[in-house]
1. Does the range 102-276 come out rounded, prolate or oblate, given a ≥ b ≥ c as the square roots of the eigenvalues of its C-alpha gyration tensor, rounded meaning a/c under 1.5 and, failing that, prolate meaning a/b above b/c?
2. Which lysines does LYS233 reach when only Cα atoms under 27 Å apart count, and residues fewer than 8 places away in its own chain are ignored?
3. For ALA170, list long-range residues whose amide hydrogen, built 1.01 Å from N in the peptide plane, is under 5 Å from its own amide hydrogen.
4. With +1 on the Cβ of every Lys and Arg and -1 on the Cβ of every Asp and Glu, and nothing else charged, how large is the dipole of the range 102-276 about its Cα centre, in debye rounded to the nearest 20?
5. Whole angstrom only: what separates the Cα centroid of the range 316-360 from the Cα centroid of the range 127-195?
Amino acid sequence: PAVTSPCKILKCNSEFLAATSGSHHLGTEEAPEFCTALRAYAHCTRRTARTCRGDLAYHSAVHGIEDLMVQHNCSKDGPTSQPRLRTLPPGDSQERSDSPEICHYEKSFHKHSAAPNYTHCGLFGDPHLRTFTDTFQTCKVQGAWPLIDNNYLNVQVTNTPVLPGSTATATSKLTIIFKSFQECVDQKVYQAEMDELPAAFADGSKNGGDKHGANSLKITEKVSGQHIEIQAKYIGTTIVVRQVGRYLTFAVRMPEEVVNAVEDRDSQGLYLCLRGCPLNQQIDFQTIRSAQATEGRARRKGPSLPAPPEAFTYETATAKCREKLPVEDLYFQSCVFDLLTTGDVNFMLAAYYAFEDVKMLHSNKDKLHLYERTRDLAPGNTAPSGTTPALWVALLCLSQCWLGLL
C-alpha cells in the first residue's frame, strides 16, 4: 500500500469549513461563535504541527488563522467547540459579481486583439503526462515534482509506489498555489491527497479572498469527494482534479500567454507540463507494451518484482479498456499498460476520465486523440489527415502483429 502523509491539515481545514459553512464575514453578533470555530481550528493545527513542518498548506492555514483572529478581535483563550454557523445571504462580498475588468482575462488582456490560444496539460494513471505541446509521455517521477511553475501559480504533485517494490507510481498528493494578483485575489493554496479531495482552499474559503475581484477564483464541487473544478477567470484558467480509486488526476486549460509567463525561461528549472519529464524519468512505452503483449503483464525490473493483485493478461486488459475507450489511441494504450502494471481496474477509469477532461478542456478538437506512431509525421501527434480510417486501423494492427513477434 502507498504511504500516506501523517500531516492532517486537510482534516483541520474540512472541520473549520463545516463549522463556518465557508463564511468569513459574520456580523458582530456572531463574532463569538466565529472565534470559537477559529480557536478549534488553531487547536487542530497545533495537534498536527510536528508532522506538517514542510507542508505549504499547513503554513498557509496557520497564517490565515492568525489574520482572522486579528480581524475579528478573537481571543486565543476560550471555548473551542465548533458551532454550525449560518450561510450568508446572496450579495455578500464573497459572492460579488461586479469584479473589476482586470479580473477577467479575456476582457482585460485581449480587448483589442484576437481571442487567446488555450492549451491543455493532464496527468493521470501510472503516471501519464500530456504536455501543453501535446507530447504524451509515461514517466516514473516518484516523489514530489513541479507540474506548473509560472508567474501566476505553482502546481506540485507527489507520486508514490502503487505496489511494494515496484516502480509503478501514481499521484497521491497535489498542491496548487494561486499567487496574489493585483486587486483580484489573495494568495490561495489548494491541497488534495488520497481520500481527501476538499471543496475549499486550505484556509477554508471557496474563492479568492477579500479583494474586490475575489470571485474570479472559485472552487466548485462537481461530485463529492471525487471531482472538483477550479475556475481562475483572472488568468483564463480552468483546473479539474479528480480522485479515481485511491489516486488523483489533474487536468488544466490555460492560455499560452499564462503558460509562458516565467521570469527566465532559459534558466528555469523543471516544469513538467511545459518541458515534459526528464529523459531518465521517461519509460519506453513501446518496449514495455511489447513485453506486456508477450508476457501477459508488465514487469519493469524483471521477474523479481511481485505480481499485481489481479493478474490481467494482455487480452483481458485490452478487452477491459475497450469498454470505456473504443479508440485505440495513447489513452487506450495507457489503460492497458496500467492494468497490466497495477492490476487495479480503477486505472481504466482514470484513463477514461482523463480523456473526458481533454474533450472538455482542449481547444482543438482535432487533437483530442494522440497516436504513438505519428510523432514524427505531423504536428500535435495527430494522425495524418490524408490517412483513411481503414488504413490507419490496418497500420495499428500491423504494429501489434510486429510487437507480438518480438
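Since every read-out is calculated from the coordinates, none of them should be taken as a lab result. All values derive from a computational prediction rather than experimental measurement. Glycine gets a Cβ as well: all are built from the backbone with ideal geometry, and neighbour counts include every protein chain shown.
1. oblate
2. List returned: LYS107, LYS111, LYS173, LYS179, LYS188, LYS206, LYS211, LYS218, LYS222, LYS359, LYS365, LYS367.
3. It is THR160, VAL162, by chain and number.
4. Numbers: 17 positive and 18 negative charges, 62 e Å.
Result for the range 102-276 is approximately 300 debye, rounded to the nearest 20.
5. Centre-to-centre (Cα) distance: 21 Å.
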